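Peer 1: Below you'll find the structure I mean.
The values are calculated or read from the model by the stated rules, or taken from the named source; none is laboratory data. In this text the structure is predicted, and so the values were computed from the model without any measurement. Cβ placement follows ideal geometry from the backbone for every residue including glycine, while neighbour counts extend to all protein chains displayed.
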Amino acid sequence: MAGDIERIRKQEEELVFDRFDEAVAFEIGSAIRDRALKEDLPIIVDIRTFDRPLFYAAMPGSNASNPDWARRKINVVRRYLKSSYRMVLEQNRPDRTFKVGEGLDIADYVLAGGGFPVRVKGAGVIGVIAVSGLPERQDHNVVVAAIAAYLGLHAEALALPAEATA
């Protein structure tokens, strides 16, 4: 949708942590898990810094491919230091692969939304919060809503608008 890339840039600029540790990861992961239980969302949640996992949950209805999708989204965020959904929109490649010249193996990288950078003031991007199991725009919005709520920001003001249905 028009304006989504700019909205995601704004999300990435505003959704910045003062600190990010095991306790913060647990609080955000638990909030996403609670929402998933309440709304019957068939997702997995994977929160990690670039050196280790901090939180993981698999919800009823998620499947064996969701962790692999999350892993590949995490790799994209780690490489480009931006949201995996922003990469989807910027690359605009229906086959979900990066251009051959990027040298990125499809087994390890995918253009799919749901990975969001963990940015800390004074440190930059140190990790990723990833959700997998819903359509990519919804995966992205679940993560953004959880981070905004944790930071005390108005999630609706930052969320991507719902896609128009035909």
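Peer 1: Of all residues in region 128-151 being within 15 Å of Asp68 (Cα to Cα) and either under 10 Å from the mean Cα position of the chain (by Cα) or at pLDDT below 95 (or both), which is surrounded by the fewest Cβ atoms within 10 Å (Cβ to Cβ)?
Peer 2: The extreme case among them is Glu136.
Peer 1: Does region 68-81 include one or more residues that are touching a strand residue (DSSP E or B) at 6+ places or on another chain (Cβ under 7 Å), more than 23 Å from Tyr150 (Cβ to Cβ), surrounded by 15 or more Cβ atoms within 10 Å (Cβ to Cβ) and modelled with pLDDT of 95 or more?
Peer 2: yes
Peer 1: Got a number for residues in region 30-64 being assigned to a strand (DSSP E or B), touching a residue at least 24 places away in the same chain (Cβ under 8 Å) and of a type in the set (A, V, I, L, M, F, W, C)?
Peer 2: Residues that pass the stated criteria total 6.
Peer 1: Only one of Ala155, Ala107 is in contact with a helix residue (DSSP H, G or I) (Cβ under 9 Å, 6 or more places away or on another chain) and surrounded by 14 or more Cβ atoms within 10 Å (Cβ to Cβ); which?
Peer 2: Sole residue among the options that is in contact with a helix residue (DSSP H, G or I) (Cβ under 9 Å, 6 or more places away or on another chain) and surrounded by 14 or more Cβ atoms within 10 Å (Cβ to Cβ): Ala155.
Peer 1: Continuing with this model, one more query. Please go through region 82-105 and pick out each residue that is assigned to a loop (DSSP other than H, G, I, E, B), in contact (Cβ under 8 Å) with a residue 24 or more places away in the chain and out of contact with any strand residue (DSSP E or B) (no Cβ under 7 Å at 6 or more places or on another chain).
Peer 2: Leu104
Peer 1: Same structure, new question: Return yes or no: is Arg19 surrounded by fewer than 17 Cβ atoms within 10 Å (Cβ to Cβ) and either of a type in the set (A, V, I, L, M) or part of a loop (DSSP other than H, G, I, E, B) (or both)?
Peer 2: yes
Peer 1: I'd like to know if region 115-127 contains one or more residues that are free of Cβ contacts under 8 Å to residues at least 12 places away in the same chain, part of a helix (DSSP H, G or I) and surrounded by fewer than 23 Cβ atoms within 10 Å (Cβ to Cβ).
Peer 2: no
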